[in-house]
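Structure record follows, encoded as structure tokens.
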Amino acid sequence: MTAPLLAVEGLRMHFFTKAGVVRAVDDVSFSVERGQIVGLVGESGSGKSMTGYSILGLVDPPGRIVGGRILLEGRDLATLDAESWRRLRGDRVAMIFQDPMMTLNPVLRIDTQMVEAVLAHHAVTRESALARCREALVQVGIASPDERLQAYPHHFSGGMRQRVAIAIAIVNKPDLIIADEPTTALDVTIQGQILFEMQKLCRESRTGLVWITHDLSVIAGLADHVCVMYAGRIVESGTVDEVLDRPRHPYTRGLIESVPSRNPPGRPLPQLPGMTPSLLALGAACAFRERCPRAVEACASAPVVQALGPQRSLRCVNPLP
Amino acid sequence: MSSLAEGEEPVVAAEKVESPWRRFTADFAESRLALAGLGLLLAILVVAVLAPVISPQNPYDLAQLDVMDSKLAPGEPSSSTGRPYLLGTDDQGRDMLSGILYGLRISLSVGIASTVLALAIGLVLGLAAAYFGGWLDTVVMRLADIQLSFPAILIALILLAVLGQGVDKIIVALVTVQWAYYARTVRSAALVERQKEYMEAARGLALPRARIVLRHLLPNCLPPLIVVATVQVAHAIALEATLSFLGLGLPITEPSLGLLIANGFQYLLSGKYWISFYPGLALLLTIVAINLVADQLRDVLNPRLRR
Amino acid sequence: MLAFTLRRFGQSLLVLVLMSLLVFLGVYAIGNPIDLLVNPQADDFERARATAALGLDQPLAKQYLTFLTHAASGDLGRSFVYNIPAIDLILQRLPATMELALVATFLAVALGIPLGLVAGLKPHSFIGRGIMAGSILGFSLPTFWVGLVLIMVFSVQLGWLPPNGRGETTLLFGVPVSFLTRDGLAHLAMPAVNLALFKLSLMIRLTRAGTREAMLQDYVKFARAKGLSSRRVIGVHVLKNILVPIVTVIGLELGSVIAFAIVTESIFAWPGTGKLLIDSINQLDRPVIVAYLMVIVAIFVAINFVVDVLYSLLDPRVRLGGAAAHA
């Protein structure tokens, strides 16, 4: 079997703050194949965005990767120097962020911002770079690219801006895209369109996609594989069908059940009691045990990841049957 | 179906709540430079307040002056008492150290008085403008804008040219030049606060207006105000010194540091630098101390830089 | 864009008229120059004659109208002291002041922005902290005291630079300037540095604050995610964003530099309008004071106008007159 496009092994990323060490990403492992869409699901503070930033090497002090490997086609990114990483970013690995209003620079024109992404990695003429940008804009469903290129970000609606951001991400035809909640800030209809287009793009160009979100319903319709994160750790992972139809971790089940559309109207929504723990106070024990209805004594010692089958893993000592 | 078993209580981890004062002093103390500034400032204030007690001579009591001692360099002894003048004397035989201590007093009191007054006026106008809106807001803000677009020194100069000399007139000039900063700052802060939900709640409860303004609006506008006020004290002191230096400030009977410096200016080229230099140094130390404190205050109280 | 420019122009004119009213009221309504110019022992007849000749017996409103119409045509009265048109006096001395102000501004910007950028990018490093400490010092030092120290050190102790006056001038486009000659530069050095110091500190602090805030923004992260070099991220993305408020400040501060030149000119005996103003105040030469104020106000209004237009060019969100700014 060929090596996966991306293999994250035991990734640990900590923030060293005055108040203490925050274990934002704690022993995270997953892999992405070419053309596969992997969802990273969790509440705010679960470490999912930080995992994404780590893969791109965008972690700023006081944060630091302290352990694990990030293998892109077999090459360990964590050992790279700054310049090598810069060359990868935007070219082999691209990222899409949540709020397009803030990610596009408001005082620069769209063409400037797109062309520079090409020119940073390829020594081509400006015209040739512009041509690639036009292509990318058409690919994301923007019909009249020339008009858009001359404009400034504030001339566009949120959905349009996000399409531009996606276009920027794909303009150099990367092997892997990390998308950090790109549709959270958008209308539901736009969201649907963008999801559909992303899926099509990835299938057609065999680009790997890591979709980070807190919204399970998005993953259900989009991803092939899903990893559920809680307090910096992956608690359950597997194919989307398996995990959603038959969740084994109590947190996963809680997440699934709290989705409004799954519940009949008129009855109170089931909720997970309590709050996510502060990432400062994490011990080795299972972070979910304070809120878990199935917690037992054994939960107090670090639950390890068990493989339940190829592609299926679980971190729980007392899982659901 | 709830995932909570019957009778089980959810356990919520309680976070330790830190008093805002504690947090503030801890944050402030992070900068050693600021602490040094604070120390220096306190020392200066103490010295200024105690000036009549600790200075070797009352520089304005003509009986104590000995013209024979004029323009002595620092450290040279008095011809009559034999005691050395620590910082030399000026052209009238006045002990520089005493002159500086008294001058500090005047500079500081004028600076602080004008700031406090300007703060009060600006606060009232700014709050009123923000709370009542409408034409009051427009008038006050237009006035403030026009005033702020002209440099303080120019406005002060013209005012003094028109009004003449005297402590009260200086204070009027300084207040006129400063109130707009406070009004503007308070108004922006108040406008932001007004939109917030707790204000809606207070209005919804039909609390009396004064109460809403005083108990709810005001405390939240204070942080930026404190920062502005601290910096402004330094500005006021510097401005007054400059005006006195130009001959338009405090009269000779109540010499501030600026006037002392001006007096000594003519002797600079002949090498008798101490007559201007030391008062200048005192002025400098005061302003630097205030600015150091103000800087750290600004960093600590600025929500946008807290990450 | 045109509509915006015209609108700002109209506003500028309005402010000009308003300021002229304020200036007039301030100076003509208070104070009494008769006492200065007429021999105290002159009899009432002499006084009356002088009053009529100077137009000081007319009702204030009429005086103001006369004032305004004359001002519009460039006639702002004659100096009581020098007996030449006040406006001529001001214009004679203006090039010296402008030269000083512009050189000082240039120094402040050319040094301030790069230093501030460095301090903003590495705020906790030794050099970053050093720059900040230096800027606090520059900010706190009263201008006149710095001038004093400069004279003390460079003129008295070292004897390198002349302590006062303006150097040799040459004509540049018909305007006498002194920075093109060596002697001129020697005379210009200290006053310009003195004047620049305050503004330099301001520039450093502003640039640093702007840089620190900009670096925390998402678009910086996005730019890095695109794989752009640090140089481009800072030199293009960050710089363009912080330039907008900085340009505004430079423009507005130019006015205050011209005003602060008053102090520097007094210390270094620089023959500019500032010194003229101080002397005129002391001598109660009202027409000159008025002429100075009007010229300064006109300069300020012009600067504000230019800054506004520049601002709209730099920040595209402003151009559509507010509608797009809220998008």
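The values are calculated or read from the model by the stated rules, or taken from the named source; none is laboratory data. Here the structure is a predicted model, which means the values were calculated and not measured. We place every Cβ from the backbone using ideal geometry, glycine too, and count neighbours over all the protein chains shown.
A few notes on this one:
- Filter pass, C:TRP145 being part of a loop (DSSP other than H, G, I, E, B), touching a helix residue (DSSP H, G or I) at 6+ places or on another chain (Cβ under 9 Å), at pLDDT 80 or above and closer than 30 Å to C:PRO114 by Cα: no
- Against the conditions (1) within 14 Å of another protein chain (Cβ to nearest Cβ); (2) without any contact (Cβ under 8 Å) to a residue 40 or more places away in the chain; (3) more than 11 Å from A:ALA231 (Cβ to Cβ), A:GLU297 satisfies every one except (1).
- If you check A:ARG161, A:ARG203 for being assigned to a helix (DSSP H, G or I) and in contact with a Leu (Cβ under 7 Å, 6 or more places away or on another chain), only one passes: A:ARG161.
- Of the criteria (1) buried (at least 23 other Cβ atoms within 10 Å of the Cβ); (2) more than 14 Å from every other protein chain (Cβ to nearest Cβ); (3) farther than 13 Å from A:MET229 by Cβ; (4) of a type outside the set (A, V, I, L, M), which one A:LYS48 fails: (3)
- Residue check for B:THR242: within 11 Å of chain C (Cβ to nearest Cβ) and out of contact with any Leu (no Cβ under 7 Å at 6 or more places or on another chain): yes
- In this entry, C:SER155 passes the filter for residues that are farther than 27 Å from C:ILE250 by Cβ, in a helix (DSSP H, G or I) and within 12 Å of another protein chain (Cβ to nearest Cβ).
- Residue ID - farthest from the other protein chains (Cβ to nearest Cβ), chosen from residues in segment B:264-301 that are in contact with a Ser or Thr (Cβ under 6 Å, 6 or more places away or on another chain) and among the polar types (S, T, N, Q): B:GLN296
- Some residue of segment A:277-290 being touching a helix residue (DSSP H, G or I) at 6+ places or on another chain (Cβ under 8 Å) and among the polar types (S, T, N, Q): no
- Residue check, A:THR189 assigned to a loop (DSSP other than H, G, I, E, B) and farther than 30 Å from A:VAL21 by Cβ: no
- Restricting C:ALA96, C:ALA189, C:ALA110 to those that are under 30 Å from C:ILE234 (Cβ atoms) and either assigned to a helix (DSSP H, G or I) or within 20 Å of the chain's Cα centre (by Cα) (or both) reduces the list to C:ALA110.
- Taken as a whole, segment A:62-73 holds at least one residue that is surrounded by fewer than 20 Cβ atoms within 10 Å (Cβ to Cβ), touching a helix residue (DSSP H, G or I) at 6+ places or on another chain (Cβ under 7 Å) and of a type in the set (Lys, Arg).
- Test: residue in segment A:194-204 that is away from every other protein chain (no Cβ under 13 Å) and in contact with a strand residue (DSSP E or B) (Cβ under 6 Å, 6 or more places away or on another chain): yes
- Residues (closer than 20 Å to C:SER256 by Cβ, of a type in the set (S, T, N, Q) and free of Cβ contacts under 8 Å to residues at least 40 places away in the same chain) located in segment B:105-162: B:GLN147, B:SER149
- Residue selected from segment A:102-130 under the condition more than 9 Å from chain C (Cβ to nearest Cβ), assigned to a helix (DSSP H, G or I) and in contact (Cβ under 8 Å) with a residue 12 or more places away in the chain, by the criterion farthest from C:ARG231 (Cα to Cα): A:LEU130
- Criterion: surrounded by fewer than 21 Cβ atoms within 10 Å (Cβ to Cβ), within 25 Å of A:GLY238 (Cβ to Cβ) and without any contact (Cβ under 8 Å) to a residue 60 or more places away in the chain - qualifying residue of A:GLY10, A:GLY57: A:GLY10
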